[in-house]
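**Student:** Okay, handing you the structure first.
The values are calculated or read from the model by the stated rules, or taken from the named source; none is laboratory data. On a predicted model such as this, the values are computed, not experimentally measured, just so you know. Methodologically, a virtual Cβ is constructed for each residue, glycine included, from the backbone with ideal geometry; neighbour enumeration extends over all protein chains shown. Accessible surface areas use protein heavy atoms only, side chains included; no ligands, DNA or RNA. Shrake-Rupley method; radii C 1.70, N 1.55, O 1.52, S 1.80 Å.
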Amino acid sequence: MVAAIGFLATSCSENPIDTISTVVDVTVSPATSSVERGKMQAFTATVSGTNSPAQTVTWSIVETNKKEATFINDGGILTISSVESLPSLTVKATSTVDNTKSGTAIITITGTITEPDPEPEEPEGLTATQVVNDIKVGWNLGNTLDANSNLGAGATVLQLETTWVKTQTTKANIDALKDAGFNAIRIPVSWAKCADANYNIRADWMARVKEIVDYAVANDMYIILNTHHDEHIFHFGKVPSGTTDKTTPKPVAQALTPEEKEESLKTFKKIWEQIAKTFKDYDEKLIFEGLNEPRTPNSASEWIGGTPEERNNLNAHYQAFVDVVRASGGNNRKRVLMVNPYAASKELVAINALKIPKDVMKEKIIVSIHAYEPYDFALSTNVAFNKWDKNNSSDVSKVKVPIDRAYDAFVKKGIPVILGEFGAMNKNNTEARAEWAKYSVDYAKSKSIPYFWWDNCNFDGGGETFGLLDRKTNTFPFPEIIKALTGVTVAGPDPSTTVITLNPNAPYGWQSYYESLNAWYGNKIEAGDVITFTYSFKSNVAMDHLEIALIDASPAVNWWSELSEFVKIEENIVANTEYSGTAVLTATKSSSGTSAAANRLAFATNTTPTSGPTLTFTTFSIVKNLGK
């Protein structure tokens, strides 16, 4: 027997006569329960009988004199209104095969009746539609605060922020974006990695998130703050233990137990209570996004809309999200909030299953989906798929589909939509990417839907190359794409200089790295390789010394691994004074692979500078095995 969920079963008339199912009984678990006013309780139903009857049921509450805000959803999750006056009620599960067969559970209602604030007739402050209409185009601070490489509880904030993108975020980065025409920023954040066993978030991590939010506030930008890559603590379904991304075939997501549902909701609310409290006094340009791409990782339907059970559980999380934020006070009472379909998917089954949460405020909910379309051009790492043409109907239709679906499902009904993530990888096809970006943004704008580009600060060297802003130099290597997105003309990097900014890495001092050595000589660093570095540079601050080394900074080595000894190239450096010379590095071991991150040239100094040194090189030459 299997726990039942609520959707329509296949008609018995479609089955051969000798396999007709007969329903004998329906049982509900738990059979009795106490639920506090303002809280939730998850129930499951089991349908027993002959020939394996369908395990689908419809859920209802027997009492008709309950409060409207007391309800049970299609997934069997009961919500008790905070003003419910009944002392108890009965939950009922009815078989969809035989509606004369049902099971019930008795719920005792506890807790004090709390009268809510009167619901305003009109929304306070900005409506969700006003916010969305004011957003021109947005940018994602990707692979940064959302980076998650299992560094452990002792990792510093800097290590956590730079474990994927090896550059610390600065206000100058956000200033450059605003100057380039972006008036909105999405800040993805993983929280579980910085929380204890009771999901209390580390104060230093919250402070760093707040600091970056403040960079955007200072630029008068719209800001989206979310929970990202926390699928291991927020659950909508489950897969068998040991399932990985290598498992084939992918298993269908299994139903959660009532206890697992409750634990996930409890954890989700705990995280959002802390975020909401920290930012409650920020104005309405700060938008909260409950989840990123909510799904059950490594399940069969992970990217095609999920299962009915998962989608129902997701809707319950969104209701909890809205309730927690609204109850937290300050400007959160009127803050605009954002929700996504299952996996932020463009699939109709996911879009149609999303239920807009009940809210004490009117017109305060945005829906977001993600779209990297056409897939082969935008998201596939196969560089052969590098062409897109606005005159090709197939190319164009794939861009339109997710926009049209979101428009029909939500915008037409007065619910605004944001494309929270989009982008196309660099495949040495800047002209095609710029044409694609211009068409995508313009078409979405015609449907009142703004786009947010996903920027993971990776420009070449393999992997997902969505980089737009070089965060070390605050320049845009692809000015044509910026022009297509925002209409602003920006200068590209100065080809005659190389600029490197060192970032703090306590207690070691200031450190950074240059682009992959692969860009200079290809392949990978092997033990015994001799690298000759010729340079001329100025530093904007005085330094005790500058040293360099070959390093492997790939996830495989979990931070970085030195492939050569550090060599001092200059000492007693005076600010704004030119230094020139040649240094030789000999690799003592091989890198872990051929990726860009695994083959780096690192720069470092000690803790003497009081601000991050910026090194401007007019000569920057790397030669492998000179003379061999």
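**Student:** Taking the inverse of the average 1/r across all pairs of different Cα atoms in segment 256-335, what Kirkwood radius in Å do you get?
**Tutor:** 13.8 Å is the Kirkwood radius here.
**Student:** Is the C-alpha gyration tensor of segment 211-273 telling us rounded, prolate or oblate? Criteria: a/c under 1.5 is rounded; beyond that, a/b larger than b/c is prolate, otherwise oblate. Mind dumping the intermediate values first?
**Tutor:** Details: a/c = 4.21, a/b = 1.96, b/c = 2.15.
Oblate.
**Student:** From the P(r) of segment 137-192, could you give the percentage of C-alpha pairs in the tail past 15 Å?
**Tutor:** 50 percent
**Student:** Here is a further query. Over segment 333-380, what is the relative contact order in percent, taking alpha-carbon pairs closer than 8 angstrom and at least six residues apart?
**Tutor:** Here the relative contact order equals 46 percent.
**Student:** Separate question: At what distance in angstrom do the alpha carbon centres of segment 461-488 and segment 563-589 lie from each other?
**Tutor:** 30 Å
**Student:** So, counting K/R as plus one and D/E as minus one, what does the shell of residues with Cβ under 14 Å around Leu348 add up to?
**Tutor:** Overall, the nearby charge balance is 0.
**Student:** For segment 171-255: lysine pairs with Cα atoms under 21 Å, gap of 8 or more or different chains, count?
**Tutor:** The number of close lysine pairs in segment 171-255 is 6.
**Student:** Using a ≥ b ≥ c from the Cα gyration tensor of segment 453-498 (square roots of the eigenvalues), is it rounded, prolate or oblate, where a/c under 1.5 gives rounded and otherwise the larger of a/b and b/c decides, a/b for prolate?
**Tutor:** oblate
**Student:** Taking the dipole about the Cα centre of the chain, with the C-beta of Lys and Arg at +1 and of Asp and Glu at -1, give me whichever of Thr489, Ser536, Tyr222 is farthest to the positive side.
**Tutor:** Thr489
**Student:** Determine the equivalent ellipsoid of segment 331-382 by diagonalising the alpha-carbon gyration tensor, then write out the semi-axes as square roots of 5 times the eigenvalues, largest first, rounded to whole Å.
**Tutor:** 30, 13, 6
**Student:** Taking all protein chains as present, what is the carbon and sulfur share of the accessible area of segment 563-602, in % to the nearest whole number, probe 1.4 Å?
**Tutor:** Solvent-exposed carbon and sulfur of segment 563-602 make up 44 percent of the total.
**Student:** What 222 nm value per residue comes from the helices of the chain, counting each DSSP H run with n ≥ 4 as -39,500 (n - 2.57) and dividing by all residues, nearest 500 deg cm²/dmol?
**Tutor:** -6500 deg cm²/dmol
**Student:** Quick check: from the Cα gyration tensor, does segment 305-360 come out rounded (a/c under 1.5), prolate or oblate?
**Tutor:** Working: a/c = 3.28, a/b = 2.29, b/c = 1.43.
Cα axes put segment 305-360 in the prolate bin.
**Student:** Still on this structure, I have one more. Kindly count the pairs of lysines across segment 308-388 whose alpha carbons are less than 25 Å apart, treating pairs on different chains or eight or more residues apart as eligible.
**Tutor:** For segment 308-388, the number of qualifying lysine pairs is 9.
**Student:** Turning to a different aspect of this structure: So, how do all the Cα-to-Cα distances of segment 579-620 break down into 5 Å bins, in percent, from 0 on up?
**Tutor:** That works out to 5, 12, 19, 21, 20, 18, 6, 0, in percent per bin.
**Student:** Starting at the first residue of segment 548-554, write each ³J(HN,Hα) from the Karplus equation 6.51 cos²θ - 1.76 cosθ + 1.60 with θ = phi - 60°, in whole Hz, x for Gly and Pro.
**Tutor:** The phi angles translate into 9, 7, 7, 9, 10, 10, 7 Hz.
**Student:** Going out from 0 in 5 Å bins, what whole percent of all Cα-Cα distances in segment 295-401 drops into each bin?
**Tutor:** P(r) over segment 295-401, rounded to whole percents: 2, 11, 17, 17, 14, 13, 11, 8, 5, 2, 0.
**Student:** If you don't mind, there's one more thing I want to ask. Could you work out how far the C-alpha centroid of segment 341-358 sits from that of segment 234-297, in angstrom?
**Tutor:** Going from one Cα centre to the other spans 15 Å.
**Student:** Sort the following peptides by mean Cβ neighbour count (other Cβ atoms within 10 Å, averaged over residues), highest first: 147-155, 250-258.
**Tutor:** Output ranking for 147-155, 250-258: 250-258, 147-155.
**Student:** For the peptides 487-498, 582-593, what is the packing order when you average, over each peptide's residues, the other Cβ atoms within 10 Å and list the highest mean first?
**Tutor:** 582-593, 487-498
**Student:** Continuing with the same structure: How much of the pair distance distribution for the chain lies past 38 Å, counting alpha-carbon pairs only, in percent?
**Tutor:** Tail fraction, whole percent: 40.
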